[in-house]
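**Student:** Let me give you the structure first, and then I'll get to my questions.
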Amino acid sequence: MKNASLIKAVENFGSPLYVYDGNQMMENYKQFTNAFKVNKLKVHYACKALNNQSVLKLFKSLGAGLDCVSIEEVHLGLHAGYNSDDILFTPNNISTEEYEQAISLGVKINVDNLYTLEYLGINHPELPIYIRINPHLMAGGNQNISVGHIDSKFGISIHQVPNIERIVKKLNINVMGVHVHTGSDILDADIFIKAAELVFSVVEKFDTVTHIDFGSGFKVAYKPDDLHTNISSFGKKFSKSFNEFCERQGKEYTLEFEPGKYMVSNAGYFIAKANLIKQTTSCTFIGLDTGFNHFIRPMFYNAYHHIENLTNPKGEKKVYNVVGYVCETDSFASDRIVPEVRKNDLILFKNAGAYCSTMASNYNSRPRPAEVMILDGKAHLIRRRETIEDLLSTQVEAEIEF
Ligand SMILES: *Cc1c(COP(=O)(O)O)cnc(C)c1O
């Protein structure tokens with residue numbers, strides 16, 4: 001994405017702003033699907049990463065299904081035109097009523113606890129379901145996003161498979177899919193293949209299974225020299241192990257994944273304006289017209305996001321602490337080297353496609369930013385900036401005498 005396009009987007013739609021490169025999303029999807037050499041492949045885009053209707057429609061046009069973790073995400077998917085049987089519902093700790101709503105909408109249900117397995121078996125005996133297994137593999141660098149390890153709340157423990165078998169047999173449940181999602185930031189193909197072997201051992205126990213879903217966890221580069229999942233070499237290795245399993249079973253399973261971050265992270269840019277440059281006794285702060293309310297990953301996950309000065313890229317390099325305007329600790333980066341920042345310069349954060357806009361809040365009563373998608377060189381507004389009216393719209397004027 002050219003700096004000029006990003007600057008122009010801010011001129012047209014204001015700051016702070018999320019800008020998405022639609023062509024990069026297409027490229028990511030193609031790279032991902034081309035990496036796997038199997039007969040049947042299905043990718044469900046994990047829409048919690050970035051849930052804008054235009055993004056959902058873009059992935060639908062490429063042939064993707066949708067991975068949804070809440071009934072509201074299911075509704076967003078249906079609204080974007082996805083067929084219900086292209087939507088995989090993979091929630092955690094939801095109510096029985098929410099499962100019922102999802103069933104009545106016709107989406108594929110991924111069960112992640114024994115209670116629900118029994119409940120569905122008794123109340124919806126014909127319903128094909130997926131079962132989410134927790135293989136207890138610790139993967140990824142950040143505790144918060146590693147969901148396969150022993151203490152994780154996700155999935156049914158691999159050690160409880162005998163219990164699953166018992167329930168499935170008794171209630172004659174149609175297990176169409178086995179699912180595993182070991183969490184984000186997996187770098188190592190061997191961990192995936194290890195998990196795969198455990199999953200295969202579960203699949204073998206159920207004749208009805210036709211789909212094997214390996215979730216996601218593909219690591220993308222946040223720093224320029226970061227290690228990331230090499231998708232083509234991973235795909236090659238993994239396809240081999242998958243094809244061997246199919247051959248061994250004499251059956252053609254559908255291989256499924258549900259990437260979020262890989263599809264959109266590097267296609268997103270967050271741009272904010274420098275309101276103030278402030279020297280203190282210890283450092284120089286750049287104060288932006290935004291904060292962790294709009295862009296929480298640095299504060300929440302201690303995530304690194306690469307920063308550039310869009311409007312003074314050739315300026316003399318300086319060391320800055322880049323901070324927001326929220327009235328508490330609100331830091332995007334410390335001791336970061338950036339070309340000299342002047343008042344009103346536009347500051348660019350990279351890798352702002354996944355888990356950025358969708359995690360934004362109204363804290364400090366700030367309206368959330370607009371979103372723009374640039375496709376084939378043309379900028380489209382895909383979410384308008386919120387207003388003070390939006391902030392007030394859910395509040396009810398109660399008849400209270402104060
Ligand atoms: C969040 C999530 C994903 C996507 O993970 P990424 O790391 O963004 O690719 C996939 N599957 C499930 C079940 C998830 O909850």
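The values are calculated or read from the model by the stated rules, or taken from the named source; none is laboratory data. Please read all numbers here as calculations on a predicted model, not as lab measurements. Heads up, the Cβs are rebuilt from the backbone with ideal geometry, glycines too, and the neighbour counts pull from every protein chain shown.
**Student:** Name the single residue, out of those in the range 7-48 being in a helix (DSSP H, G or I), more than 23 Å from the chain's Cα centre (by Cα) and not acidic (Asp, Glu), that is surrounded by the fewest Cβ atoms within 10 Å (Cβ to Cβ).
**Tutor:** Selected residue: Asn12.
**Student:** Looking at Lys278, Lys273 in this structure, which one is under 30 Å from Lys318 (Cβ atoms), of a type in the set (D, E, K, R) and buried (at least 17 other Cβ atoms within 10 Å of the Cβ)?
**Tutor:** Checking each option against the conditions leaves just Lys273.
**Student:** Checking the conditions here, which among Val220, Val180, Val209 is at pLDDT 90 or above, within 13 Å of the ligand (Cβ to nearest atom) and in contact with a strand residue (DSSP E or B) (Cβ under 6 Å, 6 or more places away or on another chain)?
**Tutor:** Values: Val220 fails: in contact with a strand residue (DSSP E or B) (Cβ under 6 Å, 6 or more places away or on another chain); Val209 fails: within 13 Å of the ligand (Cβ to nearest atom).
Going through Val220, Val180, Val209 in turn, the sole match is Val180.
**Student:** Which of the residues that make up the range 368-383 are outside any strand (DSSP E or B) and loosely packed, with under 14 Cβ neighbours inside 10 Å? Spell out the reasoning first.
**Tutor:** Residues of the range 368-383 outside any strand (DSSP E or B): 368-369, 376-377.
Answer for the range 368-383, where residues must be outside any strand (DSSP E or B) and loosely packed, with under 14 Cβ neighbours inside 10 Å: Asp376, Gly377.
**Student:** Consider the range 327-367. How many of its residues are more than 15 Å from Ile277 (Cβ to Cβ), out of contact with any Ser or Thr (no Cβ under 6 Å at 6 or more places or on another chain) and surrounded by 19 or more Cβ atoms within 10 Å (Cβ to Cβ)?
**Tutor:** Summing the residues that are more than 15 Å from Ile277 (Cβ to Cβ), out of contact with any Ser or Thr (no Cβ under 6 Å at 6 or more places or on another chain) and surrounded by 19 or more Cβ atoms within 10 Å (Cβ to Cβ) in the range 327-367 gives 10.
**Student:** Report, ordered by the first and then the second residue, all pairs with beta carbons closer than 6 Å, sequence separation of six or more or different chains, a first member in the range 220-236 that is charged (D, E, K, R), and a second member that is at pLDDT 90 or above.
**Tutor:** Between residues of the range 220-236 that are charged (D, E, K, R) and residues that are at pLDDT 90 or above, the close pairs are Lys223/Tyr304.
**Student:** Given the residues Glu244, Glu252, Glu256, which is the only one that is of a type in the set (Asp, Glu), in a helix (DSSP H, G or I) and surrounded by fewer than 23 Cβ atoms within 10 Å (Cβ to Cβ)?
**Tutor:** Every option except Glu244 fails the conditions.
**Student:** Within the range 52-62, is even one residue in a strand (DSSP E or B) and surrounded by 22 or more Cβ atoms within 10 Å (Cβ to Cβ)? So that I can check it myself, show each step before the final result.
**Tutor:** Restricting attention to the range 52-62, the residues satisfying the condition of being in a strand (DSSP E or B) are none.
Taking every residue of the range 52-62 in turn, none turns out to be in a strand (DSSP E or B) and surrounded by 22 or more Cβ atoms within 10 Å (Cβ to Cβ).
**Student:** Residues to consider are Glu328, Glu386; find the one that is outside any helix (DSSP H, G or I), within 24 Å of Asn52 (Cβ to Cβ), more than 16 Å from the ligand (Cβ to nearest atom) and acidic (Asp, Glu). Even if it seems obvious, please write down each step before you answer.
**Tutor:** Values: Glu328 fails: within 24 Å of Asn52 (Cβ to Cβ).
Within the list Glu328, Glu386, the selection yields Glu386.
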